[in-house]
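Trainee: This is the structure I have questions about; it appears just below.
No value in this document is a laboratory result; all are computed from the given coordinates. Computed from a predicted model, the values in this text were never measured in an experiment.
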Amino acid sequence: MIQTQMDPKILSVLADKIQIIQNKQEFIYLVGPIKLPVNLYGETVSFNWYCWLKTKEAEEDYGRIIDKLSAYNLAELQQSSVLVYGDFESSDEALIRMHSICHTGDIFGSKRCDCGFQLKQSMKMIVEQGTGALFYLANHEGRGIGLFSKAMAYILQENGLDTVEANEALGFVDDSRDYSDAIAVLKALRSKPVTLITNNPKKLEALRASGLGVTGRQPLWGDKSEYNEKYLQTKVQRSGHLNDIEDDLHDES
């Protein structure tokens, strides 16, 4: 590890943007807010961006925190983050989305799933509401199995297995995602109740089990095509997603 003698002025700027959150026996460094103008459906929308890093030990000397980062090789690891819009801390009404990373859908625009659509649409819903936050959960790829395993699962899906069967055939459970880190960050940013954008009852259960106030749920279906019809049906029929559009999923495209 390279030890640096950081300029005190630089350190004071960074230290003012870092907070430490304890989550059970671990700790989370949360950095932000950072102004982030975003191109959303052709319009520029300004969000506040935060990123977090989980660690086993808390270090309150921010100079030492920054020194240690060079030894972690963070470019090889995924870090989660959150986009915050409006007066998220104080507003009475706020929408949130716990969005699991989808390399193929979010980045490449894959039509095999609806993740890319859900990402952009939930951001749009938050802006239209006036206040909210989108949590982008980096360790959730493939419902928690990772990108390489997801690629193998795709091969199995091309040979007749559905999403659940493919994950289980590789030795995984259908859904191993954990929301505790995101919930800890949410609690640090807001204490008032939230409305969750989701079709997944497990996300609702996780929020309610943590003691957070949840005033309701907004469904988020769309972007159905010949490429993801079976995937969407499996979400409802096998993974327990709430069937707000179950009839639509059985209609002809």
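Trainee: If the viscosity is 1.306 mPa s and the temperature 10 °C, what Stokes-Einstein diffusion coefficient in µm²/s follows for region 131-187 when Rh is the Kirkwood radius over Cα pairs?
Mentor: Working: Rh = 12.5 Å.
This corresponds to a translational diffusion coefficient of 127 µm²/s.
Trainee: Another one. Using only the alpha carbons, work out the radius of gyration and Dmax of region 71-137 in angstrom.
Mentor: Both quantities, over Cα of region 71-137: 13.9, 42 Å.
Trainee: Checking the cross-link filter: which lysines have an alpha carbon closer than 22 Å to that of LYS24, excluding same-chain neighbours under 8 positions apart?
Mentor: LYS54, LYS56, LYS187, LYS192, LYS202, LYS203
Trainee: Separate question: Would you list which lysines come within 17 Å of LYS150, measuring only between C-alpha atoms, while excluding same-chain residues fewer than 8 positions from it?
Mentor: In chain and number order, the partners are LYS111, LYS230, LYS235.
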